[in-house]
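Enquirer: I have a structure here, written as structure tokens, and I will follow up with some questions on it.
The values are calculated or read from the model by the stated rules, or taken from the named source; none is laboratory data. Remember, predicted model here, so these are calculated numbers, not experimental data. Counting neighbours? That spans all protein chains shown, and the Cβs are built from the backbone with ideal geometry, glycine included.
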Amino acid sequence: MPSKKNGKTRRKPTNAYTRFFDAQKSLPVRRESVYVLSKQQRQEQEQQQSRQIKLLPDCRPHAKGRPVWPPRNDVDHFMVVTEDHTQSGQQQQQLSSGAPQLSSGAPQLDAICYDVMREPLPPIHMEGTDIVPTIRGTRLSICAEHTHFPLVSRIARSMGFQQVPEHRLWNVQWTDCTPHHDLLRGMKRFQQINHFPGMMEICRKDLLSRNLNRMLKMYPGDYRIFPKTWLMPTDAYDVATYASKHKRTYILKPYSSGRGRGIWITPDLKTVSKREKLICQTYIERPLLIDGFKFDLRVYTLITSVDPLRIFVYNEGLARFATHKYVAPTLGNSHNVYMHLTNYSLNRRNSNYNVGEGADGGSKRKLSAFNKWLLEHSYDVAEFWASVDDAIIKTIISAWPVLKHNYHVCFPRHDKIQGCFQLLGFDILVDWKLKPYILEVNHTPSLSADELVDKEVKRALIRDTLNLLTTALVDKEQIIRDDRFEHRTRLLRKVYQNKRGMPQGTPGSFPSPGREAGGCETPMAQACSIGALAQQIAWEESHLGNYRRIMPPMDSDRVNYYCKFYDQTKHQTLFANTESSRRREQLAHKAMQRQYREKRQQEVLKQRKQQDPLLTISPVVLQSRRRKEEFEAQRCKHRALIAREIYRQRELLLAPTCAKEHLGIWQSVVKIPKMEERPRVRVVRCTSGVCRPLRRKQLRNVSRRVRQQREMEREAREDTRFVEQHAMKQSPPCQGGTSQQSVAKKRSRSQTLICRSMDKWAPGTISDGEQQEHSIWLQERTKQLNGSNLREMIFSKMYQQGHLTKNDIKRFPDLLFHMLSTGVPTADTP
Ligand code: ADP
């Protein structure tokens, strides 16, 4: 919105902008066309000194300490940009005749050039550096709300930019973060922002290495501009293979951190976690050293347009030094970050940090000081910087398809000036052969001015960057008016169509500049018209400041050389190397590895079989054997458990108790029979324990013996009863007997009975025959009792009480027999 204030703004009489437009106005034809002025005519005009634009054939920067660039006297033409490239017939005739008598002070033009890319332009230096960007009464504005570098707004203010908040219609926005897609889409045609969408393709370490690796695969001879890099964990196999063949030191960096955070050096990749997301790079072990210190270069690069690609490199920059003298990495020193890393944020914490104010000896020096050192040590400075420029161009070209695509998607209507510019900070390491390596690209290089050297470099950098922008070439008010008109037209068209009932886009309806005839918006409009582009080129060439243009290169051979890299999408589709394709590749790789491993195993097995005949046994047999062994082991375990339980029960049973004593079991159990008296139970083993008929026989024996035992008990009871009855009639003293205790018991009981029946009964005498008969009977009975297998009775008792199962008896008859016969547990029992 044009404000009333703007009308009151005092217009400075002379400055670069007014001079530029005055020069254009003084041309004989209408503005915004591209003309070429021959060298001969230029010289004539220079002699006449009747021009307002002064051409300087020598573009050599005159400030001390700057690198020297060759003068460009060989350029044959100079291009002038005017407003419109459609000429009236009369004017064209006038131009082509070659003898126009121009009005006083106007340059003579002899041809029209549309192909602006093919014409290398000599840099023009316009007099005056006190630029105050006030054109046509409108003051340029900048929004620096989202940058934490105060130097930007300070310099912009000093240049006459007005500071505005984000919601106002700013001309330039300088921000530290990547702008959101919505912000980009909503930008007006006169606005510019300091980030290109998609620049992360080279500003994130992982994406950069992916892009450079892709380009290296396509152009192996050209892209050796960065150290060998792998992405972990995806490339873990490749790096392991490489490490097995080459003894190198590696540097590991997190994907997207900065300032040296999380970086470490190791010669042994086995220590690296297989799952961590890291960049693994070969460590450059022999860097170029100055005074024994390692250093890297911060080279500031400005991209003003991506289609066509225009890149400028700032001649001044910083060399950042480590603060410990460099020694090749060993196990002892690899943790020393002050020796191996050159980050300013790390090294400033070291007490050795030297604030040298940009002069020789400081930990941060200017590039001009570095150039001086190179010259002193007889290095070819121009060649070195040419290789740096080459590496920078190649790095940016690796992301060019994405940059171009994203730009056209986000800025389809930016037809007057470029919607973006980007100041990048390239970190470059130089090795002992003076070969530059791209380490990293910073999308927001630090513009803080901590030291004097920073101030000297960065102030000029910001000023020259803002100068180089073509912001001033657009008429903000005019664009706002045009946009309003267009908007109104669109609305009116709708109303008109609704009234008439006409479909959209029918002939006779109002045309819309941003729309096609069919009514749909042009998705990929040509961003800048040739005229606008030519204006931009002319502006940039005349406002280089301390920048040098590296893309398009000055040399036409180099132009052709770089052309092949623009064709990268022809060899491969743009997104061919996506995550999924990489995953597929990995899976294929893994499958191949597995196949190879299996094949190898089979071969080894074959070899072993040939050596060892045992291995010829079929694997099925081997497996059944293994199963059998396992089963046997389990069986043993179970056996041991049961044996332990039986032993415990036996102990319990054999413990003397009153009940047992009463039954008369105790005596027979305590009296361990001799070995020869043991019942001989024949045990025939078969694979599954005892054979069935024998088992049945044994069981039958057991039950028979139990029956016998019961019979004998019953007899014993009857005997007792008989003795008692007999004692009532006769009271002979019981002699002998099964045992002394029972005899004593019986005697005492018979005595009581005798005492009770004393009054009715008179004792008689026992004859010797009777006595003898009784003693014989007792002897026989004792013999029979001794002969019976009481241990088996115990066993049957255990079985009855549930301490033994049928299964146990079936499975371990030999064990039970052994225990019962010997009274000691087997080897299995603990
Ligand atoms: P950051 O973004 O954390 O600064 P860099 O990639 O810039 O990470 O690396 C930090 C420092 O580590 C560099 O300044 C450089 O001194 C050193 N460095 C990085 N990569 C290598 C390498 N491949 N060989 C030798 N030194 C390296």
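Enquirer: Tell me whether the stretch 372-392 contains one or more residues that are touching a helix residue (DSSP H, G or I) at 6+ places or on another chain (Cβ under 8 Å) and more than 27 Å from ASP555 (Cα to Cα).
Expert: No, every residue in the stretch 372-392 fails to be touching a helix residue (DSSP H, G or I) at 6+ places or on another chain (Cβ under 8 Å) and more than 27 Å from ASP555 (Cα to Cα).
Enquirer: Quick one: how many residues across the stretch 243-258 are at pLDDT below 90 and within 17 Å of the chain's Cα centre (by Cα)?
Expert: Adding up the residues that qualify gives 5.
Enquirer: Does LEU207 meet the test of being buried (at least 18 other Cβ atoms within 10 Å of the Cβ), assigned to a helix (DSSP H, G or I) and within 14 Å of the ligand (Cβ to nearest atom)?
Expert: Yes; evaluated as a whole, the condition is true for this residue.
Residues are listed down the side, and each one gets a yes or a no for (1) part of a helix (DSSP H, G or I); (2) loosely packed, with under 14 Cβ neighbours inside 10 Å; (3) modelled with pLDDT of 85 or more:
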| position | (1), (2), (3) |
| --- | --- |
| ALA472 | yes, no, no |
| GLU486 | yes, no, no |
| LEU491 | yes, yes, no |
| GLN497 | yes, no, no |
| MET502 | no, no, no |
| SER512 | no, no, no |
| MET524 | no, yes, no |
| ILE537 | yes, no, yes |
| MET554 | no, no, yes |
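Enquirer: Here is a further query. Can you report the number of residues in the stretch 768-782 which are acidic (Asp, Glu) and surrounded by 13 or more Cβ atoms within 10 Å (Cβ to Cβ)?
Expert: 1
Enquirer: Do you know which residues across the stretch 210-238 are more than 22 Å from LEU429 (Cα to Cα) and hydrophobic (A, V, I, L, M, F, W, C)?
Expert: Matches in the stretch 210-238: MET218, MET232, ALA236.
Enquirer: Further question: So how many residues does the stretch 333-351 have that are assigned to a loop (DSSP other than H, G, I, E, B), surrounded by fewer than 24 Cβ atoms within 10 Å (Cβ to Cβ), within 10 Å of the ligand (Cβ to nearest atom) and not aliphatic (A, V, I, L, M)?
Expert: Residues flagged as assigned to a loop (DSSP other than H, G, I, E, B), surrounded by fewer than 24 Cβ atoms within 10 Å (Cβ to Cβ), within 10 Å of the ligand (Cβ to nearest atom) and not aliphatic (A, V, I, L, M) within the stretch 333-351 amount to 1.
Enquirer: Continuing with this model, one more query. Identify, from the list THR323, THR330, the residue that is in a loop (DSSP other than H, G, I, E, B) and touching a residue at least 40 places away in the same chain (Cβ under 8 Å).
Expert: Only one candidate passes the filter, namely THR323.
Enquirer: From LYS228, LYS247, which residue is within 11 Å of the ligand (Cβ to nearest atom), closer than 20 Å to ARG286 by Cβ and among the basic types (Lys, Arg)?
Expert: LYS228 is the lone residue from the list that is within 11 Å of the ligand (Cβ to nearest atom), closer than 20 Å to ARG286 by Cβ and among the basic types (Lys, Arg).
Enquirer: Looking at (1) surrounded by fewer than 18 Cβ atoms within 10 Å (Cβ to Cβ); (2) more than 23 Å from VAL388 (Cβ to Cβ), which one does VAL239 not meet, given that it meets all the others?
Expert: Just one mismatch for VAL239, condition (1).
Enquirer: Do we find a residue being within 11 Å of the ligand (Cβ to nearest atom) and crowded, with 20+ Cβ neighbours inside 10 Å anywhere in the stretch 307-315?
Expert: no
Enquirer: Can you tell me how many residues within the stretch 259-305 are under 17 Å from the mean Cα position of the chain (by Cα), within 23 Å of VAL327 (Cα to Cα) and within 13 Å of the ligand (Cβ to nearest atom)?
Expert: 6
Enquirer: Still on this structure: Restricting the first residue to the stretch 220-244 and requiring it to be in contact (Cβ under 8 Å) with a residue 60 or more places away in the chain, which pairs with a second residue that is more than 16 Å from the ligand (Cβ to nearest atom) and of a type in the set (A, V, I, L, M) meet a Cβ separation below 6 Å and a spacing of at least six or different chains?
Expert: Note: pairs meeting the criteria are TYR223/MET215.
Enquirer: Ok, one more. Answer with yes or no whether LYS253 is within 26 Å of ASP389 (Cα to Cα), surrounded by 22 or more Cβ atoms within 10 Å (Cβ to Cβ) and within 12 Å of the ligand (Cβ to nearest atom).
Expert: For LYS253, the condition - within 26 Å of ASP389 (Cα to Cα), surrounded by 22 or more Cβ atoms within 10 Å (Cβ to Cβ) and within 12 Å of the ligand (Cβ to nearest atom) - is met.
Enquirer: Filter the stretch 352-388 down to residues that are charged (D, E, K, R) and in a helix (DSSP H, G or I), then give me how many there are.
Expert: 3
Enquirer: Testing GLU632 on (1) within 20 Å of LEU804 (Cβ to Cβ); (2) of a type in the set (D, E, K, R); (3) at pLDDT 75 or above, one condition comes back false. Which one is that?
Expert: Failed condition: (1).
Enquirer: Restricting the search to the stretch 179-204, which residues are assigned to a loop (DSSP other than H, G, I, E, B) and crowded, with 21+ Cβ neighbours inside 10 Å?
Expert: PHE190, GLN191, ASN194, HIS195, PHE196, PRO197, GLY198, MET199
Enquirer: Which condition breaks for PHE321 when tested against (1) farther than 21 Å from SER363 by Cβ; (2) surrounded by 14 or more Cβ atoms within 10 Å (Cβ to Cβ); (3) of a type outside the set (Gly, Ala, Ser)?
Expert: Unmet condition: (1).
Enquirer: State which residue is nearest to ILE428 (Cα to Cα) when the search covers only the stretch 318-332 and only residues that are of a type in the set (Gly, Ala, Ser) and within 13 Å of the ligand (Cβ to nearest atom).
Expert: Step by step, filter the stretch 318-332, then rank; the result is ALA319.
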